[in-house]
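Worksheet for the structure shown next.
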Amino acid sequence: MPRFSVIVPAYKVQAYLQECLTSVLEQSYTDLEVIAVDDHSPDACGAIIDEFAADDPRVRPVHLPRNVGLGRARNAGLERAGGDYLLFLDGHDSLAPGALRDIADRLKDTSDPDVLVFDYARTYWTGRTVRNQFATLLTERGPAPFGLADRPGLLSLPMMVSNKAYRRDFVEREGFTFPPGDYEDAPWTFPVLLTADTIATLGRVCVHYRRRRRGNILGSTSRTHFDIFDQYDRVFTYVDTRPGLTRWRPALFRLMVDHLVTVYVRRGRLPRDSRAEFLRRARAHYRRYRVPGAPLHPRHLLIRFGGHRTHRLLSLAWRLARGMRRPAARGTRALAAAALRAHYRIQLRLPLRADRAVFSRDAGGAYGCNPGALESAFRNLVPHIRTAWIAQPEHHHTIPVATRRLRPGSAGYWTALARSKYLVHNADFDRRLIKRPGQVVVQTRQGTPLKRMGLDLQDRPAAAAGTDFGRMLRSADTWDYVVSANRHSTLVWERVFPSSFTTLEYGLPRNDVFARSTSADVTRLRETFGIPEGSVAILYAPTYRDYRPGGRLALDLERVLHRLGPRHVLLTRAHPSHGEPLVRDGGGRVIDVSGHPSVESVCLASDALVTDYSSLMFDYANLDRPIVVYADDWEAYEAARGTYFDLRAFPPGAVARDEDELIDIFVTGHWCGSRSAQLRAAFRERFCPHDDGRAAERIVRRVVLGENAWLPPVVPLAGRHPVPSAAAGLPTVRLATVPAPGRRVPVTERL
């Protein structure tokens, strides 16, 4: 029998569940079991739980056949618990390091009380951590354990289930269970504290309670907030059936009214058309449970005497007064800009066009990337929907003839944004966009994230310079769907852009071309780029350095080509943030492809990829061609930007730490050897599970046609046969080279 049973219900928390379970399993106190309950979650929660269970026998997975809600999911874990003490931890929260050791010590020092109450801290999506404001109630000195009558102030603590340890035989003897519905903490917490014979406290933060930006009941607008009335009915029913608890009715009444006022006045919780009804029911509860002679608190006046209309008038008066204090509006803008704004406002009032879709990439860039692949799929799969592409005039020649061309800022541009049902982008639309009810925004992102993104940049000033995180999150709030290539991407996107979008983990549409291309396509592309026949074309595509804005080239390309010999050519592609090619004039053996609109075409034409930390490696792996990582400044890059895993420990191929090692990797043939292939296979299995050529089709069928259950099945990696490179059949030439003076001979065994 373990000392602790930690019950973790999980529903739509896949982005946080791994951190939650890890925080428990990596505790220094190990006498525990984790009962992880998958509440029929539609995301990867169940799979994550099973993976932890396979790695650690202390994890006991429970998969519910249907979604039952938080309270009943906790009950499912409660039925299977075998520990001396019970702890409840929601799937998005975490235990502080060393918490279980301190809890165990405190339980021992206080002779195993019925309940131990410990401290917690709120962790916000902004990264801010705030300790419980009532923490002093947990550090009061005095005898322990004690009864609630000795420390009645504990009732004032926020009603949380997860900031307590409960003796299991006490819970079973009293028959405590969780009711259905929201605000289920109240009919559990109050009866537990009122009934416990012995209570102890621990003034140490043991739980980090995550306040998610989206998906949290406290931040949602819904009629589920009406559940609070049923929950307090349960509280008073419990008290009324136990005469010894009658003395607690005044305190419970005050706490109930405080809670009802909080729900009513907090903006955004109640739908506007239900606020009057909520206030009526709150007044009914006030009359039903008020104890005669109980003092009337000023905060309770709204519930006892206030009316919905009175509250609205007072709120309106306050807003008008505040508006009068604001500085005067800025002067009028140019006539053309004003006319466009008026045009957009008019378009917003016209009917939405269900047969229109508008696409864009980057800042009005050329046709391509994931939005381009989806635009093509729209035309093929749902031809009744007319598509348009937003691009700067210099990129209009890249747009297919059948697709309407739009210039950013034009009247047609604003019309399309106002009236198109489907909006697809890989970055952000105009910040002045007003998303209408019925519009569907698909955010494709730009690849699999290795470097830190979104909110994870808050503590990276070099990378986050100029980032408006508030605007970034407001934009994320408009997303209905986010495209993901793999589970790693899914978990990152849902955590660093905390909003209510649905993740489509179907693969990246831009990679579909890799599964459909033929050897003839490869030959044609190589001719287009001027790659000599019989050459080995190495694509060199470094990423942007936040700490090195000048874009200084890390490699001496002339020296590299000289050492590799005349058979090799380099295709160089600068990151878009560089703003200029990597080389000005590299001669016939250095071909700059930075300006080509399709990086997928460049990949198909090459025989191998050399990159550092670019997300291009995740796409390139779908071709099953050699990848070499040039990690000459990993420590500096990690310190400035930060990454989600150590690429050197899980690379897609050989790793070079300096220029000489990079040359040796190609000279000795390690770049295309068996070890490189093994590393690439493991990398593909983790990051390319869905890229089988039908990602765009799955997205269109799900988003437009609503075919969730009838999506094309994913072809496993073993069944995919990507087009080979032009050099795949050529013999590997190993040159006998003499190390340069003073240069160390690389240890190739680690490759």
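Numerical summary
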read-out	value
Filtered residue count, segment 424-460, keeping only those that are assigned to a strand (DSSP E or B) and aliphatic (A, V, I, L, M)	4
Some residue of segment 539-547 being open to solvent by 10 Å² or more (accessible area, probe 1.4 Å), of a type in the set (A, V, I, L, M, F, W, C), under 23 Å from S615 (Cα atoms) and in contact (Cβ under 8 Å) with a residue 40 or more places away in the chain	no
Yes/no for F170 being free of Cβ contacts under 8 Å to residues at least 24 places away in the same chain, surrounded by 15 or more Cβ atoms within 10 Å (Cβ to Cβ) and out of contact with any Leu (no Cβ under 8 Å at 6 or more places or on another chain)	no
Index of the failed condition, G550 passing every other in (1) more than 21 Å from V593 (Cα to Cα); (2) modelled with pLDDT under 90	(1)
So A515, is it of a type in the set (G, A, S), modelled with pLDDT under 90 and either closer than 27 Å to R684 by Cβ or out of contact with any Asp or Glu (no Cβ under 8 Å at 6 or more places or on another chain) (or both)	no
Any hit, segment 413-435, residues being touching a residue at least 40 places away in the same chain (Cβ under 8 Å), among the hydrophobic types (A, V, I, L, M, F, W, C) and open to solvent by 50 Å² or more (accessible area, probe 1.4 Å)	yes
Index of the failed condition, R267 passing every other in (1) within 17 Å of A186 (Cβ to Cβ); (2) loosely packed, with under 12 Cβ neighbours inside 10 Å	(1)
Positions within segment 600-659 being of a type in the set (D, E, K, R), open to solvent by less than 10 Å² (accessible area, probe 1.4 Å) and in contact with a strand residue (DSSP E or B) (Cβ under 7 Å, 6 or more places away or on another chain), in sequence order	D607, D612, R625
Which numbered condition T262 misses (of (1) closer than 26 Å to P152 by Cα; (2) open to solvent by 10 Å² or more (accessible area, probe 1.4 Å); (3) without any contact (Cβ under 8 Å) to a residue 60 or more places away in the chain; (4) more than 39 Å from the chain's Cα centre (by Cα))	(4)
Segment 17-34, residues that are crowded, with 24+ Cβ neighbours inside 10 Å and in contact with a helix residue (DSSP H, G or I) (Cβ under 7 Å, 6 or more places away or on another chain)	L17, L21, V34
Contacts under 9 angstrom Cβ, first residue in segment 659-679 being of a type in the set (G, A, S), partner open to solvent by less than 10 Å² (accessible area, probe 1.4 Å), 6 or more apart	G673/A654; S676/I627; S676/V628; S676/P652; S676/G653; S676/A654; S676/I665; A677/G653
Strands (runs of 3 or more DSSP E) enclosed by segment 81-148 - at least 1 residues per element that are open to solvent by less than 30 Å² (accessible area, probe 1.4 Å) and over 20 Å from I199 (Cα atoms)	115-124
Wholly enclosed strands (runs of 3 or more DSSP E) of segment 340-406 bearing at least 1 residues among the β-branched types (V, I, T) and surrounded by 21 or more Cβ atoms within 10 Å (Cβ to Cβ)	353-360, 386-390
Residue count, segment 661-688 (criterion: surrounded by 17 or more Cβ atoms within 10 Å (Cβ to Cβ), more than 36 Å from the chain's Cα centre (by Cα) and not β-branched (V, I, T))	5
Cβ-Cβ under 6 Å pairs, at least 6 apart or on other chains, segment 464-479 side part of a helix (DSSP H, G or I), far side open to solvent by 40 Å² or more (accessible area, probe 1.4 Å)	S475/D428
Count of residues meeting criterion [open to solvent by less than 30 Å² (accessible area, probe 1.4 Å) and acidic (D, E)] in segment 690-719	2
Matching residues in segment 34-77 - criterion: being on the phi > 0 side of the Ramachandran plot and at pLDDT below 95	G69
Residue in segment 490-503 that is without any contact (Cβ under 8 Å) to a residue 24 or more places away in the chain and within 14 Å of the chain's Cα centre (by Cα) present	yes
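The values are calculated or read from the model by the stated rules, or taken from the named source; none is laboratory data. Predicted model only: the values in this text are computed from it and were never measured. FYI the Cβ positions are ideal-geometry reconstructions off the backbone, even for glycines, and counts take in every protein chain you see. Only protein heavy atoms, including side chains, enter the accessible area calculation; ligands, DNA and RNA are left aside. Shrake-Rupley method; radii C 1.70, N 1.55, O 1.52, S 1.80 Å.
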